[in-house]
Every structure is written in structure tokens, then in C-alpha cells.
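Asker: My questions all concern the structure below.
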Amino acid sequence: MISRLVPVLLAAASVVAAAPAVAQFAKSEDAISYRQSAMFLQAQHFGRVAAMANGRVPFDAAAAATNADLVATLSKLPWAGFGAGTEGGKAKPEIWKEQAKFKELSDKLQANTEKLAVTAKGGNLDAIKAQVAATGETCKSCHDAYRNR
Ligand code: ASC
């Protein structure tokens with residue numbers, strides 16, 4: 001009897017495992033905290049590279065590379081926190097109505113931060129300035145469309 005239940009339980013477990021990433025959050029407030037935390041960390045580490053690009057702090061190639069690497073990793077994180085039923089925080093409801101456009105912008109950010117990490121490893125400040133600008137534009141275009149002030 002129990003043994004006949006095993007395949008059923010395994011199938012049920014695989015459905016849970018395949019559920020959207022939102023399933024990892026116990027409640028929608030946790031998803032909101034998660035995505036806001038990921039955005040906060042991105043802003044801190046992108047801000048360190050941007051400060052060098054803008055001449056606000058002296059250029060330190062190793063610090064730029066380390067921070068750019070972190071941004072590339074961190075930029076993968078927030079999206080799991082925008083699952084179905086997690087509307088709220090600073091997120092505009094349009095995110096859940098325009099999933100394809102939101103995904104396109106999140107992919108664009110990740111492509112830009114990846115490029116920033118590669119560029120920062122190269123150590124050329126002018127190239128870093130250009131890629132910081134391109135990445136910042138990507139942040140801004142998504143915020144303009146999908147973040148409440
Ligand atoms: C940051 C930050 C943003 C972006 C954006 C770029 O450092 O916190 O939201 O860069 O200002 O335009």
C-alpha cells in the first residue's frame with residue numbers, strides 16, 4: 001500500500017520542485033524583502049564602480065573588478081522575488097501585466113553587468129566609464145517603467 005504511494009509522492013514532489021521560484025518564499029512580504037535587498041546590494045556595489053567612473057573616488061582597478069563581479073552576480077537575483085502574487089513594495093503592477101517586457105529588461109541588465117565585469121577586469125578606466133553609463137541606463141529604463149518613486 002505504502003509502496004504504491006511512492007510514485008505518486010515522487011510525482012507530487014517533482015511538481016513542487018518545478019513550481020516557480022516564488023515557492024521558496026513563505027509569504028509575499030518575504031519576496032518583496034528579498035528583491036529589495038538584492039536591489040540594495042546591487043546599488044551599493046554598482047555605486048562603488050560608478051563613483052570611480054565619475055571621478056568621485058580615485059580609480060582602483062582591483063576594487064572596480066571585484067565590485068563589478070559582485071554586480072554581475074547580484075543582478076541575477078531580484079527576479080525570483082517578482083513571482084505571481086507578490087505585487088507591492090515599490091513595484092508597479094505593470095510588471096505583472098507586461099512579463100515579456102520586464103523579462104527583456106532584466107535580461108538586458110544581466111547582459112550589461114556581465115559586460116561590466118569583463119570590462120572592469122581589463123582595467124581601462126575609459127572603457128569602464130562607458131560600460132558604467134550603459135549599465136546605469138539599463139537600471140534607469142527599468143526603474144522609469146516599473147518602479148514607483
Ligand atoms: C545606482 C542606483 C540606481 C542606478 C540608477 C542608474 O547606483 O541605485 O538605481 O544606479 O541610478 O541610472
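The values are calculated or read from the model by the stated rules, or taken from the named source; none is laboratory data. Every value quoted in this text rests on a predicted model; they were computed, and no experiment measured them. Glycine also receives a Cβ, built like all others from the backbone with ideal geometry; neighbour counts cover every protein chain displayed. When the accessible area is computed, the model is the full protein with side chains, heavy atoms only, and any ligands, DNA or RNA have been set aside. Shrake-Rupley method; radii C 1.70, N 1.55, O 1.52, S 1.80 Å.
Asker: I need the fraction of alpha carbon pairs in segment 62-126 separated by more than 14 Å, rounded to a whole percent. Don't skip to the end; give the middle numbers.
Answerer: Working: 1286 of 2080 pairs.
The answer is 62 percent, as a whole percent.
Asker: Turning to a different aspect of this structure: Taking θ as phi - 60°, what are the ³J(HN,Hα) couplings along segment 24-34 by the Karplus curve (6.51, -1.76, 1.60), each to the nearest whole Hz, with x for Gly and Pro?
Answerer: Whole-Hz 3J(HN,Hα) from phi for segment 24-34: 6, 9, 5, 8, 5, 4, 5, 5, 5, 4, 4.
Asker: Order these peptides, 39-50, 54-65, by their mean beta-carbon neighbour count within 10 angstrom, highest first.
Answerer: On the way: 39-50: 18.3, 54-65: 13.8.
Those peptides, ordered most packed to least, come out 39-50, 54-65.
Asker: Once phi is turned into θ = phi - 60°, what whole-Hz ³J(HN,Hα) does the Karplus curve with 6.51, -1.76 and 1.60 give for every residue of segment 135-149, x standing for Gly and Pro?
Answerer: 5, x, 4, 5, 4, 5, 4, 6, 5, 4, 7, 10, 10, 6, 6
Asker: Determine the gain in length on full extension of the stretch GLU137-LYS103; use 0.36 nm per residue of separation and subtract their C-alpha separation, reporting nm with one decimal.
Answerer: Details: separation 34, 0.36 × 34 = 12.24 nm, distance 1.62 nm.
That pair, GLU137 and LYS103, stretches by 10.6 nm at full extension.
Asker: Counting only C-alpha contacts under 8 Å and six or more residues apart, can you give the relative contact order of segment 24-149 as a whole percent?
Answerer: Values: 130 pairs, mean separation 39.4, N = 126.
The value is 31 percent.
Asker: Beyond 23 Å between alpha-carbons counts as too far, so tell me which of LYS90/LYS121; LYS76/LYS140; LYS76/LYS121; LYS76/LYS115 fall in that bin. Don't skip to the answer; put the middle values down first.
Answerer: Values: LYS90/LYS121 33 Å; LYS76/LYS140 17 Å; LYS76/LYS121 19 Å; LYS76/LYS115 14 Å.
From LYS90/LYS121; LYS76/LYS140; LYS76/LYS121; LYS76/LYS115, over 23 Å: LYS90/LYS121.
Asker: Here is a further query. Along each principal axis of its Cα atoms, how long is segment 24-149 end to end? Whole angstroms, biggest number first, please.
Answerer: Here the Cα extents, ordered largest to smallest, are 44, 25, 23 Å.
Asker: Taking the simple approach of a point 7 Å from Cα along Cα-to-Cβ for both ASP60 and GLN24, what is their distance in nm?
Answerer: Distance between label points: 3.0 nm.
Asker: In terms of Cα to Cα distance under 20 Å, which aspartates and glutamates are near enough to LYS103, apart from those fewer than 8 places away along the same chain?
Answerer: Cross-link targets: GLU87, GLU94, GLU114, GLU137, ASP144.
Asker: Ignoring everything but the protein chains, give the 1.4 Å probe accessible area of GLU87 in square angstrom, nearest 10.
Answerer: GLU87 has an accessible surface of roughly 90 Å² with all protein chains in place.
Asker: Quick one: 3J(HN,Hα) in Hz for segment 42-54, Karplus 6.51/-1.76/1.60 with θ = phi - 60°, rounded, Gly and Pro as x.
Answerer: Running phi through 6.51 cos²θ - 1.76 cosθ + 1.60 with θ = phi - 60° gives 4, 4, 5, 7, 5, x, 5, 6, 4, 4, 6, 4, 8 Hz.
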